[in-house]
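Below: the structure, in structure tokens.
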Amino acid sequence: MRKSTTASLVFVAALGLGLPASAADSTHGAVLYKECAGCHAPQRTLMGPPHCGVVGRKAASVEGFAYSDTLRAAGFAWDEKHLHEFLTFPIMNMPGTKMGFAGMFDENDRNDVIAFLKSERAATSPACQPGADPAPPPGTNTGEIGADGAPASHQPAPGKPPQ
């Protein structure tokens, strides 16, 4: 091998050391996000707050959601750094959080989920437009939280008295 070719290969390899192993994949993030969807909807409050616009939103700022004292005192906006830290191991990262998720230990998986949140749960994304996340019919057990803090499945149907 010629010296110039060897030097070029060393230079290209050195440039690659500063790059992430792989670019974030929002399509893979969508697959991983299915685990989140049991507690988080785009626009509605389920067991957790809605995720539309979460990247860039101030922590504990969704009106009417009963956040933990820990999260209310956080004082930051959800950016990539805070999402990475929190999603790695929520209970250890923010002791006292109500989020009962064990954590996402693979950095590439976190990158992919964050890429999904930035694209598919951005305030301008189709899922976050008015009417795109309609409420399920009354009595559907979705984990949705009613105004009184009880699950929506425990709410009386419109026009019916509570039992």
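Observations
- Filter result for Leu32 (part of a helix (DSSP H, G or I) and either charged (D, E, K, R) or without any contact (Cβ under 8 Å) to a residue 40 or more places away in the chain (or both)): no
- Boolean, Glu85 is under 15 Å from Ala23 (Cα atoms), surrounded by fewer than 16 Cβ atoms within 10 Å (Cβ to Cβ) and not polar (S, T, N, Q): no
- If the condition is being in a loop (DSSP other than H, G, I, E, B) and surrounded by fewer than 20 Cβ atoms within 10 Å (Cβ to Cβ), then segment 113-129 contributes Ala122, Ala123, Thr124, Ser125, Gln129.
- Cβ-Cβ distances below 7 Å connect the following pairs, each with a first residue in segment 73-98 that is of a type in the set (Lys, Arg), a second residue that is modelled with pLDDT of 95 or more, and a separation of six or more residues or different chains: Lys98/Ser68.
- Residues (more than 17 Å from the chain's Cα centre (by Cα) and among the acidic types (Asp, Glu)) located in segment 60-108: Glu63, Asp69
- Complete set of residues in segment 39-87 that are touching a strand residue (DSSP E or B) at 6+ places or on another chain (Cβ under 6 Å) and of a type outside the set (Gly, Ala, Ser): Thr45, Lys58
- Condition broken by Leu9, with the remaining ones in (1) at pLDDT below 95; (2) part of a loop (DSSP other than H, G, I, E, B); (3) not hydroxyl-bearing (Ser, Thr, Tyr) satisfied: (2)
- Residue check, Arg72 modelled with pLDDT of 95 or more and in contact with a helix residue (DSSP H, G or I) (Cβ under 6 Å, 6 or more places away or on another chain): no
The values are calculated or read from the model by the stated rules, or taken from the named source; none is laboratory data. Just so we're clear, the structure is a prediction, and the values are computed from it rather than from any experiment. Glycine also receives a Cβ, built like all others from the backbone with ideal geometry; neighbour counts cover every protein chain displayed.
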